[in-house]
Amino acid sequence: MSTQNEINRRRTFAIISHPDAGKTTLTEKLLLFGGAIQTAGAVKSNKITKTAASDFMEIERQRGISVATSVMVFEYNGKQVNLLDTPGHKDFAEDTYRTLTAVDSVILVIDSSKGVEEQTKRLMEVCRMRDTPVIVFINKMDLEGRDPFDLLDELEETLNIKVQPLSWPISKGYSFKGVYKLYDKQLHLFESSKTKIADEVVSIDDLNDPMLDQLVGEYASQLREDVDLIENVYDPFSEQAYLEGKLAPVFFGSAMNNFGVKELLDKFVEIAPVPQSRDTTLREIKPEEAKFSGFIFKIHANIDPRHRDRIAFLRVCSGRFERNKFYHHVRLEKDFKYPNPATFLAQAKSTIDEAYPGDVIGLYDTGNFKIGDTLTEGEKFMFKGIPSFSPEIFKELINKDPMKTKQLDKGIRQLTEEGVAQLFLQEPGSRKIVGTVGELQFEVIRYRLENEYGAKCEFESKVFYKACWITTDTPAKLDEFKRIKGNNMVKDKEENDVFLAPSKFILDMEQANYPELQFHFTSEF
Ligand code: G4P
């Protein structure tokens, strides 16, 4: 098959949701439809429940499970679907943000009784930064959820995107009857079942057909009214607007009952974008270019501390990746080859000989990669769009064993390169401020520094509101700001100037006082 055909076949996406909305359940059902797994229950939840430090191994074990499900590949309707997993726990949200840089579209799962939740908003903000196309799945229709029109309004208002239902629920909760597929005028009748894949589908060309009354009884008139309203409010669905990230089609269903999942998947493979072009420091890279290129968006440490090797996950962006061929590591200006690139099925991992744009492969790494690294066939560019976001919790790393300073320095550098946390250095004195989105990472860092690097540390809380990356065209003003704000000025891993704002009030004030400086909330500007 030609490279172009391989590209056209691929659909690379992630499922995102607030914890508990049903991401794991939906993932599993998609894999069942794709034939990648045979039985329900095969995909373990990668949810990490809040545990005490003593349960640390449990966290690691659970993180280990998530390696196996990092990339799930299956065939469906002639397409190769690459589903990238994202961590369920909010403390690992930064991992999710980065994974979103490696996909071409997302499916957002909403719990019909909860609507838009905190994490939904954050994840969507990241998608909106890159205009990633989004399909919404409103899950748990078998429960007494909220009114579907209310949910649509809330999605539009809070997520800053237009939405359009492509299916419509007939009642909900105990009386949930099924969904009406607006695009092909079919009625899909619900039957509660966790195992069955096929349900009854009835074509109904005219909603006034008395057959509708026979099928859904008293809910027929409500459906007629709702559909009438929808058809008056919405224009025909625009695939173009979806692909531009301006319009999100919405499906209703119940992942647990396998309901509405097939419609979602059918439509997904039909409309979801093929692997897209990507921006680099030099030029835009198109997937169909002959030469291979790709970037690292995630690094996973081996959970067995006796084996230091890590798996770096690379998204192929152009050309064809081949096993055992030398590729150029742009940051290190060195060439490396990869004898055992891995691809992942639901649980098994296997070595591959080649990969195409849209694919994600695991490369064994002994410490050469950090997040954002680019591999090419020699050209010197770096992929853009893999920013760090401002952490939410900041702590100073205190060395508890001066004899192990080197180990501590090396350990914290490697862990932050893996993306466990962000490291900011303060000069002079090299104070180390570690920033994360959740408390759990501090436990992870403390444990891993001790067990993998033999270094002991302690964390001292620092109250900062946000990290802001600062740029300017007036270097003298930045120098002045750094002099005055010395205590709050740090450098990130790329030596960028970062201001750790103590409060929103002070940040607003400094922004007003220093109009010559630009304050950015992500590391890419
Ligand atoms: P997450 O990955 O987004 O965190 O959610 P997950 O799939 O683990 O689902 C969270 C809970 O919601 C699970 O229940 C799951 O069974 C349930 N759930 C998922 N889809 C549906 C649905 O369509 N209807 C209903 N009623 N429930 C649904 P749990 O009690 O936490 O776990 P379990 O014991 O059922 O596995």
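Some points to look at:
- The H on the amide N of residue 359, modeled in the peptide plane, is under 5 Å from the matching H of 316, each at least 5 residues off or on a different chain.
- In the chain, the longest principal axis of the Cα atoms and the axis of helix 475-484 are about 80 degrees apart.
- Within the shell defined by Cβ-Cβ distances under 11 Å, the residues around residue 208 carry a net charge of -4, with Lys and Arg each +1 and Asp and Glu each -1.
- Computed about its Cα centre, the charge dipole of the chain is approximately 2280 debye, with only Lys, Arg, Asp and Glu carrying charge at their Cβ.
- Percentage relative contact order, the stretch 232-371, counting C-alpha pairs under 8 Å, at least six apart: 20 percent
- Compared with the alpha-carbon gap, the fully stretched path from residue 239 to residue 143 is longer by 31.5 nm at 0.36 nm per residue.
- Relative contact order [Cα under 8 Å, 6+ residues apart], the chain, whole percent: 14 percent
- Förster radius 30 Å - calculated FRET efficiency between residue 160 and residue 495, Cβ distance, rounded to 0.05: 0.35
- Above-threshold pairs, the threshold being 25 Å between Cα atoms, out of 162/504; 162/185; 380/485; 370/395; 410/485: 162/504; 380/485; 410/485
- Of all DSSP beta bridges in the chain, antiparallel share, percent nearest 5: 80 percent
- Restricting the GluC sites (Glu not before Pro) of the stretch 488-525 to loop positions (DSSP other than H, G, I, E, B) with no more than 11 neighbouring Cβ atoms within 10 Å leaves 494, 495.
- Helix-only CD estimate at 222 nm, as mean residue ellipticity for the chain, using -39500 (n - 2.57) per DSSP H run (n ≥ 4): -8500 deg cm²/dmol
- Residues 161, 484, 412, arranged from fewest to most other Cβ atoms within 10 angstrom of their Cβ, appear as 484, 161, 412.
- Largest first and in whole Å, the equivalent-ellipsoid semi-axes of the chain read 42, 27, 23, each the square root of five times a Cα gyration tensor eigenvalue.
- Entries in 23/298; 384/491; 29/384 that, when Cα-Cα distance is taken, lie over 23 Å: 29/384
- Between helix 23-33 and the chain: long-axis angle, C-alpha atoms, 0 to 90°, nearest 10: 60 degrees
- The long axis of helix 440-453 is offset from the longest Cα principal axis of the chain by roughly 50 degrees.
- Nearest-0.05 FRET efficiency for residue 284 and residue 476, computed from C-beta distance (R0 45 Å): 0.80
- For the pair residue 320 and residue 229 in one chain, pulling the backbone fully straight at 0.36 nm per residue adds 27.9 nm over the alpha carbon distance.
- Summing Lys and Arg as +1 and Asp and Glu as -1 over all other residues whose Cβ lies under 15 Å from the Cβ of residue 514 gives a net charge of -3.
- Once the Cβ-Cβ distance of residue 460 and residue 203 is raised to the sixth power relative to R0 = 45 Å, the FRET efficiency obtained is 0.10.
Here, each number is a calculation from the coordinates, and none is a lab measurement. As the structure is a computational prediction, the values presented were derived from the model and not from experiment. In this analysis, Cβ positions are derived from the backbone assuming ideal geometry, glycine residues included, and neighbour counts consider all displayed protein chains.
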